[in-house]
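Single-structure report; data block below.
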Amino acid sequence: QVQLVESGGGLVQPGGSLRLSCAASGFPFSTYIITWYRQAPDKSREWVAQITNDGRTEYHRTVKGRFTVSRDNIKNMVYLEMNNLKPEDTAVYFCNVLFKAHDYWGPGTQVTVSS
């Protein structure tokens, strides 16, 4: 079955960096778009970035220039490199795939940006 598992979250000071990972299995990974979302406390889930099967990327305007999404189609992994983190980046981060008309989500990884 489809599984997505995020890792790499933690507590970081403003201006710091983190690298999130998403391990995927159960579907033909190399042919699917993978998307990162985040959800802050008391807010709805927000689209952050996505990467196509051939490596094209798109970013939400609030993270463009600070976040970089990449993928390894051999290891079935997607990464989100986050630099110059701000307190407003605090959220649970999720990776997502739309496979056979169904949205699949990982359990998420908490990112907290605070001094």
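Numbers for the structure displayed
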| item | result |
| --- | --- |
| Karplus-derived HN-Hα couplings along region 59-76 (A = 6.51, B = -1.76, C = 1.60, θ = phi - 60°), whole Hz, x at Gly and Pro | 9, 5, 4, 6, 10, 4, x, 10, 9, 9, 9, 9, 9, 10, 6, 7, 8, 6 |
| Solvent exposure, largest accessible area first (probe 1.4 Å, DNA, RNA and ligands not counted), of 45, 19, 56, 71 | 56, 19, 45, 71 |
| Residue 88 versus residue 52: modelled label distance in nm, points set 7 Å from Cα along the beta carbon direction | 2.9 |
| ³J(HN,Hα), Karplus 6.51/-1.76/1.60, whole Hz, each residue of region 7-12, x for Gly, Pro | 7, x, x, x, 9, 9 |
| Overall form of region 31-108 per C-alpha gyration tensor (a/c, 1.5; a/b vs b/c) | oblate |
| Mean Cα-pair separation over length for region 50-94, i.e. relative contact order, pairs under 8 Å, 6 or more apart, % | 27 |
| Rounded accessible area per residue of region 4-79, 1.4 Å, Å² | 54 |
| Under Karplus coefficients 6.51, -1.76 and 1.60, residue-wise ³J(HN,Hα) of region 84-96 in Hz, glycine/proline x | 6, 5, 10, x, 6, 7, 4, 4, 8, 9, 10, 9, 9 |
| Reachable lysines, given that their alpha-carbon falls under 26 Å from the alpha-carbon of residue 75 and they are not under 8 places away in the same chain | 64, 100 |
| Charge dipole (debye, nearest 20) of the chain; +1 at Cβ of Lys and Arg, -1 at Cβ of Asp and Glu | 120 |
| Amide H contacts under 5 Å for residue 16, placed H, 5+ residues apart | 85 |
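The values are calculated or read from the model by the stated rules, or taken from the named source; none is laboratory data. For clarity, every value in this text was computed on a predicted model and none was experimentally measured. Every residue, glycine as well, gets a Cβ built from its backbone with ideal geometry; the counts of neighbours run over all protein chains shown. Note: areas computed on protein heavy atoms with side chains; ligands, DNA, RNA excluded. Shrake-Rupley method; radii C 1.70, N 1.55, O 1.52, S 1.80 Å.
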